[in-house]
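S.K.: Here it is, the structure in full.
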Amino acid sequence: MNASRRPSPVEAVAALEPRALEQSLDREGFAITAPLVDAQTCAQLAGLYTAAEGTFRSTVTMARHGFGSGEYKYFARPLPGLVDALRRATYAQLAPIANAWGERLGCAADWPADHESVAARCAAAGQTRPTPLLLRYGAGDYNCLHQDLYGEVHFPLQAILLLDRPGIDFDGGELLLVEQRPRRQSKPIVVPLTQGTFAVIPVRERPVEGIRGTARVQVRHGVSKVHRGQRRTLGLIFHDAA
């Protein structure tokens, strides 16, 4: 790679260090990357929201289902090229963490190195609908606490890319995690995202070391109310939906 050239977003993701991400997840409950996606590419991704009908397989109005307020759209297959490339590159960096978590929790540690094999595993379980999505929140919108499971096969980590600028394009709209810790009260966590950064968070649970060994800590995530402007994110979930 030419040292004078800024790496592409996909190249920047591919250069992430899984061990550093895992250490942050252990310490904080989440990991935040440096800004890997430039403003122009963020705008390009956000602009897909108004792309042709066939770009998406489903549109969800959150208030209609009691999920909160706002809207999101699941991409159809084939995924847009950049979304697909980011999903594949991000998965490759997270698979070693998923396997390390499996070993610590005493369950299967057999996530493959390539995302194509995960898609095949999902398909064998009847999970064939793609799950990457674009989310759009305006003033007053929010997302209730939830887990993105979608079926029997669920990869234990997901990534969220913020496409707008906090404090400039919108106010409020913080990414929230709540950990349900064994024999203790739940712990709220605010994840400090900026434009072009990825948050890596647990899908359902994460291992936490304690005096009695490794515990499974359940995790849900959501978004606080947006007070002004528009907040858009790209969600990368690595298992497909039933």
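S.K.: For the stretch 49-72, name all the residues that are over 19 Å from residue 221 (Cβ atoms) and open to solvent by less than 40 Å² (accessible area, probe 1.4 Å).
M.R.: If the condition is that a residue be over 19 Å from residue 221 (Cβ atoms) and open to solvent by less than 40 Å² (accessible area, probe 1.4 Å), then 49, 51, 55, 56, 58 are the ones that fit.
S.K.: Collect the residues in the stretch 16-36 that are assigned to a loop (DSSP other than H, G, I, E, B) and either touching a Phe, Trp or Tyr at 6+ places or on another chain (Cβ under 7 Å) or within 15 Å of residue 97 (Cα to Cα) (or both), keeping them in residue-number order. Full working, then the answer.
M.R.: Our first condition is that a residue be assigned to a loop (DSSP other than H, G, I, E, B); within the stretch 16-36, this holds for 16-17, 29-30, 33-36.
Within the stretch 16-36, 16, 17, 29, 30, 33, 36 qualify.
S.K.: Within the stretch 138-158, restricting attention to residues that are more than 16 Å from the chain's Cα centre (by Cα) and under 13 Å from residue 222 (Cα atoms), which residue is least open to solvent (accessible area, probe 1.4 Å)?
M.R.: 141
S.K.: Related question: Looking only at the stretch 193-242, count how many residues are part of a loop (DSSP other than H, G, I, E, B) and either in contact with a helix residue (DSSP H, G or I) (Cβ under 9 Å, 6 or more places away or on another chain) or closer than 24 Å to residue 168 by Cα (or both).
M.R.: First, the residues of the stretch 193-242 that are part of a loop (DSSP other than H, G, I, E, B): 193-197, 203-204, 211-212, 224-225, 230, 238-240, 242.
From what's left, either in contact with a helix residue (DSSP H, G or I) (Cβ under 9 Å, 6 or more places away or on another chain) or closer than 24 Å to residue 168 by Cα (or both): 193-197, 224-225, 230, 238-240, 242.
Count: 12.
S.K.: Those residues that are basic (Lys, Arg) and out of contact with any Gly (no Cβ under 7 Å at 6 or more places or on another chain), I need them from the stretch 207-226; list them, please. Don't jump to the end; show me each part of the working.
M.R.: Residues of the stretch 207-226 basic (Lys, Arg): 212, 216, 220, 225.
If the condition is that a residue be basic (Lys, Arg) and out of contact with any Gly (no Cβ under 7 Å at 6 or more places or on another chain), then 212, 216, 220 are the ones that fit.
S.K.: Test residue 46 against the stated conditions and say whether it is in contact (Cβ under 8 Å) with a residue 60 or more places away in the chain, open to solvent by 20 Å² or more (accessible area, probe 1.4 Å) and of a type in the set (Gly, Ala, Ser).
M.R.: Working: in contact (Cβ under 8 Å) with a residue 60 or more places away in the chain: yes; open to solvent by 20 Å² or more (accessible area, probe 1.4 Å): no; of a type in the set (Gly, Ala, Ser): yes.
When the stated conditions are applied, residue 46 does not pass them.
S.K.: Within the stretch 49-95, track down each residue that is under 20 Å from residue 9 (Cα atoms) and small (Gly, Ala, Ser).
M.R.: Within the stretch 49-95, 81, 85, 89, 92, 95 meet the criteria.
S.K.: Pick out the one residue from 80, 9 that is in contact (Cβ under 8 Å) with a residue 40 or more places away in the chain and of a type outside the set (Phe, Trp, Tyr).
M.R.: From the options 80, 9, the qualifying one is 9.
S.K.: Here is a list of conditions, (1) touching a residue at least 24 places away in the same chain (Cβ under 8 Å); (2) open to solvent by less than 50 Å² (accessible area, probe 1.4 Å); (3) out of contact with any Asp or Glu (no Cβ under 9 Å at 6 or more places or on another chain), and residue 214 meets all of them except one; can you say which number that is?
M.R.: So residue 214 meets the others, but not (2).
S.K.: In the stretch 42-71, which residues are outside any helix (DSSP H, G or I) and in contact with a helix residue (DSSP H, G or I) (Cβ under 7 Å, 6 or more places away or on another chain)? If you could, list the steps in order and put the result at the bottom.
M.R.: Start the filter on the stretch 42-71 by keeping residues that are outside any helix (DSSP H, G or I), which leaves 51-52, 56-61, 66-71.
Result: 68, 69, 70, 71.
S.K.: Enumerate the strands (runs of 3 or more DSSP E) found wholly within the stretch 141-184, keeping only those where 3 or more residues are in contact (Cβ under 8 Å) with a residue 40 or more places away in the chain and more than 30 Å from residue 124 (Cα to Cα).
M.R.: Working: elements: 142-146, 157-162, 170-172, 175-180.
Passing ranges, in order: 142-146, 170-172, 175-180.
The values are calculated or read from the model by the stated rules, or taken from the named source; none is laboratory data. Owing to the predicted nature of the structure, the values given are computational and were not obtained by experimental measurement. Positions of Cβ are generated from backbone atoms using ideal geometry, with glycine treated the same way; all protein chains shown enter the neighbour counts. Surface accessibility is based on the protein's heavy atoms, side chains included, excluding ligands, DNA and RNA. Shrake-Rupley method; radii C 1.70, N 1.55, O 1.52, S 1.80 Å.
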